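Heads up, the thing below is written out as structure tokens.
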Amino acid sequence: MCLQEMSEELDLKMEKYLRGGAANLEVLQDKKLKGQLAHRENLYGKSAKAAAKFEKWLMPSEGGYLEAEGPVEKTWRFKQEDIGQAVDISSARNQYDVVLPELGPYTMDFSSSGQYMAVAGRKGHLAIVDMKNFEVRREFQVRETVRDVVFLDHQLLFAAAQKKYTYIYSPEGIEIHCLKDHGTVLRLQYLKNHFILASINKFGHLHYQDVSTGASKSYRTGLGRTDVMRVNTVNGVVALGHSGGTVTMWNPNSSAPLVKMLCHHGPVSALAFHPNGHLMATAGKERRIKLWDLRKYEVLQTLPGHANTLDFSQKGLLARGTCSFAEILSGTEHYSRYMNHSMVKGYQIKNLLFRPYEDVLGIGHSMGWSSILVPGSGEPNFDSWVANPFETRKQRREKEVHLLLDKLPPETIMLDPSKIGTVKPVRNKEKPTKEEREAEMEAAIEDVKGNITLKNKTKGRNKPSKRAKKKQEIITKVKRPFLEQQMREPQLSRKKQKVSEEDELPKSLQRFTRKKAAT
């Protein structure tokens, strides 16, 4: 009985790693092809079985969610007090409130492993907190406005957008760099695979800075001031939300946006990207939250409500914050309410951020920062080669060297990163230029001139004038295809232009276009 249960459990785990259903090979007539496909299906089955066996050691933990008993009970009715009483002591420690009313509102950022947290108060308070030991590693006061903070994942360096310039600090609080070219920055984002720090300033200028080489590029967005900025971790594209309701996507290789899409009828207040890179959530001032499929640029779902901040967890939960209320949504294709949390009356939420590899949501608000438990939000199994929450100082140094060796160039930032490594498709033959056509025609004429041979005809029909006329007719016959093609091209371009103009007009105005006379 025990062996039977183990085999059934193994079969269930194998379904996760199988590449769909098995192919139907009975309909094939080619024996050679049939044997090759059968061998390949056998290999797929063996690899799935091996992956299911090793999952017990490589992925020992399983994520859990809140589950309601019966149709009446709802998960969003559970309070943090109820969750805190049901979890273990180490998880219950992640429920806390830090009240610093004179230095808020606060914004925060977690390191890629979730071991450290950087917090920044609007009134100049900066701190690094060790989340494993719940100790303040370093804190200091810069005595000026701080608008945003972000980790650089480079020996725990972090950047702070201050009143006039952006500064980079060491973990000990020592100022290392002053980035004056960025100007008065409102929002910061870091592309960890490319070692690029991206910022948007109050004049609407998007700035890229390579923190490993110092190279920088700056582009003018032309859409005004904005502080809504997020990076898609899958392809490295930076998205900006503007006051006109549009969202633009940028990379450091183009001075124009890769995508410009109208998402809302009012200003965009927040946006976030799903960890898979195919889903984007946007919030507008008209009290609508939209989920977009970035593969087709279509709206998947529209939810009522307003959000000052949005964030996706590693497992796909969506958190939104507005005023003193935070809501967590769950789902894959259709998102619905999963959890609610109300802050103390008067607390204004500034920033929401899920902690990596933990079921924890960090909340930065006007009176300090808080932390609540969100079961099922974090990835339960971490890869120590990617992000190790328990890494030592020696491992951190080795990781820095590996990251620099694996650094991706800015040219790899594109909307579809799967194109990297593929074969370039065969392009249609480009049209020859005017000079190339003339050279081809001259070569054809010279070739004909050298090969003209005229017969010796009877008296009166072999005059020099007639022989010259005959040669000219042969040359004209050779030139005729080139001249006809030259006359045909402007007509085709005019036709294409007319068709494109008709297509560009909206349907309501196409009836005013000039129509051809009926014959």
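Here is a yes/no grid of residues against (1) at negative phi; (2) in the same structural domain as Pro410 (by TED's automatic domain parsing); (3) surrounded by 20 or more Cβ atoms within 10 Å (Cβ to Cβ); (4) out of contact with any His (no Cβ under 8 Å at 6 or more places or on another chain):
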site	(1), (2), (3), (4)
Gly241	yes, yes, yes, yes
Pro252	yes, yes, yes, yes
Lys260	yes, yes, no, yes
Tyr297	no, yes, no, yes
Ser313	yes, yes, yes, yes
Ser324	yes, yes, no, no
Leu329	yes, yes, yes, yes
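Can you confirm whether Thr166 is modelled with pLDDT of 90 or more, open to solvent by less than 50 Å² (accessible area, probe 1.4 Å) and in contact with a helix residue (DSSP H, G or I) (Cβ under 7 Å, 6 or more places away or on another chain)? Let's see the steps before the verdict.
Working: modelled with pLDDT of 90 or more: yes; open to solvent by less than 50 Å² (accessible area, probe 1.4 Å): yes; in contact with a helix residue (DSSP H, G or I) (Cβ under 7 Å, 6 or more places away or on another chain): yes.
Here the answer is yes, as Thr166 does meet what is asked.
Mind checking which residues of region 218-261 are more than 21 Å from His182 (Cα to Cα) and of a type in the set (Lys, Arg)?
Once the filter is applied, which keeps residues that are more than 21 Å from His182 (Cα to Cα) and of a type in the set (Lys, Arg), region 218-261 yields only Lys260.
For region 121-140, check the following and say yes or no: at least one residue is of a type in the set (Phe, Trp, Tyr) and under 30 Å from Pro410 (Cβ atoms).
No; the residues of region 121-140 include none that is of a type in the set (Phe, Trp, Tyr) and under 30 Å from Pro410 (Cβ atoms).
If you take the residues of region 82-106 that are within 13 Å of Asn351 (Cα to Cα) and at pLDDT 90 or above, which of them is least open to solvent (accessible area, probe 1.4 Å)?
Tyr106
Quickly run through region 391-408 and pick out the residues that are closer than 15 Å to Ser113 by Cα and not in a helix (DSSP H, G or I).
Selection gives Glu391, Thr392.
Looking at region 71-81, which of the residues that are under 35 Å from the mean Cα position of the chain (by Cα) and of a type in the set (A, V, I, L, M, F, W, C) is least open to solvent (accessible area, probe 1.4 Å)? So that I can check it myself, show each step before the final result.
The initial filter retains those residues of region 71-81 that are under 35 Å from the mean Cα position of the chain (by Cα), namely 74-80.
Filter once more, so that each one left must be of a type in the set (A, V, I, L, M, F, W, C): 76, 78.
Details: Trp76: 66, Phe78: 43 Å².
Filtering first and then ranking leaves Phe78.
In region 186-222, how many are assigned to a strand (DSSP E or B), open to solvent by 40 Å² or more (accessible area, probe 1.4 Å) and either in contact with a Cys (Cβ under 7 Å, 6 or more places away or on another chain) or closer than 24 Å to Gly244 by Cα (or both)?
4
Please go through region 107-158 and pick out each residue that is of a type in the set (Phe, Trp, Tyr), open to solvent by 10 Å² or more (accessible area, probe 1.4 Å) and under 26 Å from Asp210 (Cα atoms).
The answer is Phe110, Tyr116.
Out of Glu501, Glu436, report the one residue that is surrounded by 10 or more Cβ atoms within 10 Å (Cβ to Cβ), over 30 Å from Thr233 (Cα atoms) and modelled with pLDDT under 75.
Selected residue: Glu501, the only one of Glu501, Glu436 that is surrounded by 10 or more Cβ atoms within 10 Å (Cβ to Cβ), over 30 Å from Thr233 (Cα atoms) and modelled with pLDDT under 75.
Applying the selection to region 341-390, what residues are in contact (Cβ under 8 Å) with a residue 40 or more places away in the chain, in a strand (DSSP E or B), under 15 Å from Gln80 (Cβ atoms) and open to solvent by 30 Å² or more (accessible area, probe 1.4 Å)?
The answer is His341, and nothing else.
The values are calculated or read from the model by the stated rules, or taken from the named source; none is laboratory data. Source: prediction; values computed, not measured. Heads up, the Cβs are rebuilt from the backbone with ideal geometry, glycines too, and the neighbour counts pull from every protein chain shown. What goes into the accessible areas is simple: the full protein's heavy atoms, side chains included, and nothing from ligands, DNA or RNA. Shrake-Rupley method; radii C 1.70, N 1.55, O 1.52, S 1.80 Å.
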